[in-house]
Structure formats: structure tokens, C-alpha cells
Amino acid sequence: MKLGIIGGMGPLATAELFKRIVCRTDAAKDQQHLNVLINNNTDIPDRTAYVLGDGVDPTPELIKTAQSLEKMGADFLAMPCNTAHVFYKAIQHKVQIPIINMIDETCKLITNNFPDGTGVGILATDGTISSKVYHEALFRYGHKSHSLDANCQQYIMDVIYNIKAGKIPKSQEKFQSCVNQLFSQGVKPVILGCTELSILKEHFNLQYPFIDPLDVLTMSILNYAKIDIKPINR
């Protein structure tokens, strides 16, 4: 089975997904790993800018990328970008192969591990927050959503775009202060709803109660492809 990754959003997040797929595969030789095609299409316009009404529609490039991977023989697709899932239905409609929905898979995992009505915090781009793609999915699964105030939301946006520029924060203090704002509202899990925040998780070694959709996507990909998964403690 062959995976196609709709990449370039951003390139580091794309590389991180591929790395996690390889690292979580329980393989003794090259041939036991998943066959992966990556289209690191950096021509895809900024998703957040478009959602907020100040950018070019990324849908045509997203569809073109998905179709190119399908033509190259991909059996299924994945997008390591949370905000891009705003356009999920439009892309899925234009290809004949399934796209794993990272948002939906993340909400399923939360539902399987937390009771109905659990408050879930969302750290994400302004585009993801504004589109309510996570809020609506969590609501369908019976969970309440919580977002940051304007000051902390701006900080998270700055962190995300700094990581895109190769600048990872050295201090965790401000990040933790913003997360504590969610915890004070009785929130249990907090979704790292941007793949740049998945990279921050590795840098800061963030543990429970953070839910990393890139980890969820990794496991969903391996399960879908029926690839043996390496135990986490191995």
C-alpha cells in the first residue's frame, strides 16, 4: 500500500510526519516500511490568510497536489496541516482515493479516552479557530471547546509562524502561561491543533494532557496501511 502526503504546509511539519511514520514502524528491514510519496508543494497559498479573508484560495493547489499523488499511484492520502482540513471535503470530492481526516481522527481519540462533555482546549492558527473546524467536530462527538484570549492567541500565532521561519522559542514560560489559562477553565486535554505546535511539543517535551494530531495521524496512517507499530517504550 502506498501513502501520498499532501505536504508543504509547512515543509518542516511534512518532514516531521514522515519521520514519525518511519520511527513508529516496527520494521527489521527497508521492505517492511510503508511506501510513501511526498509532494512538498510550497505553492499552496496560506490557509489562514484565506480563511480570514485576506489571501488566495488554496483549494486549487490542494486539489492539484492530491490529484498528482493519486496519479503517481497513492492508495490513500494524508495532510499534515490542521487548517487545510477546512478544505477537506472539496479535496476529497476531486479524488477517488480516501484522505485520512486528521481532525476527525483526533476527536475520535479524545472521545475514546475522555467522557462526553469534557472541556477540550484548542491551540491553533487564527484560521483554524475562526473556521471552527475543531469546535464543530468536537461538538459532534459531545465535547465542549475552549480557546485562548486574544493576547495568548496572538502569541500562539507568532510561535507558529516563527517555527515556519525556523525560529523555535527558547523559553516555555509564556507558552505555559497561556496553557494555564485553559486549565483554569477546567479543560483536560489540549489539542496542539497546528503541526508547527507538534514540532514545539518535541522541543519542549510536552506530555499529557496535550493531544498531538500529528501523532494521531501517524497512528491512523499505520493502522490504515496495516503496518506493524513499534511499541512506544521500545
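The values are calculated or read from the model by the stated rules, or taken from the named source; none is laboratory data. Just so it is clear, the structure is predicted and the values come from calculations on it, not from any experiment. Cβ coordinates were reconstructed from backbone atoms using ideal geometry, including for glycine residues, and neighbour counts include every protein chain displayed. We work out accessible area using only protein heavy atoms, side chains counted, and drop any ligands, DNA or RNA first. Shrake-Rupley method; radii C 1.70, N 1.55, O 1.52, S 1.80 Å.
Looking at ILE38, ILE21, ILE5, which is the one that is in a helix (DSSP H, G or I) and surrounded by 14 or more Cβ atoms within 10 Å (Cβ to Cβ)?
Values: ILE38 fails: in a helix (DSSP H, G or I); ILE5 fails: in a helix (DSSP H, G or I).
Within the list ILE38, ILE21, ILE5, the selection yields ILE21.
For region 199-213, state whether one or more residues are at pLDDT below 90, outside any helix (DSSP H, G or I) and in contact with a Lys or Arg (Cβ under 6 Å, 6 or more places away or on another chain). Yes, some residue in region 199-213 is at pLDDT below 90, outside any helix (DSSP H, G or I) and in contact with a Lys or Arg (Cβ under 6 Å, 6 or more places away or on another chain). Looking across region 150-169, the residues that are open to solvent by less than 20 Å² (accessible area, probe 1.4 Å), aliphatic (A, V, I, L, M) and either more than 16 Å from THR195 (Cα to Cα) or out of contact with any strand residue (DSSP E or B) (no Cβ under 8 Å at 6 or more places or on another chain) (or both) come down to VAL159, ILE160, ILE163.
Within region 173-191, the set of residues being exposed (fewer than 15 other Cβ atoms within 10 Å of the Cβ) and either within 20 Å of ALA13 (Cα to Cα) or acidic (Asp, Glu) (or both) comprises just one member, GLU173.
Grab the strands (runs of 3 or more DSSP E) fully contained in region 50-149, keeping just those with 2 or more residues being open to solvent by less than 10 Å² (accessible area, probe 1.4 Å) and either modelled with pLDDT of 95 or more or not small (Gly, Ala, Ser) (or both).
Details: elements: 76-78, 119-123, 144-146.
Because the criterion is at least 2 residues that are open to solvent by less than 10 Å² (accessible area, probe 1.4 Å) and either modelled with pLDDT of 95 or more or not small (Gly, Ala, Ser) (or both), the strands (runs of 3 or more DSSP E) in region 50-149 that meet it are 76-78, 119-123.
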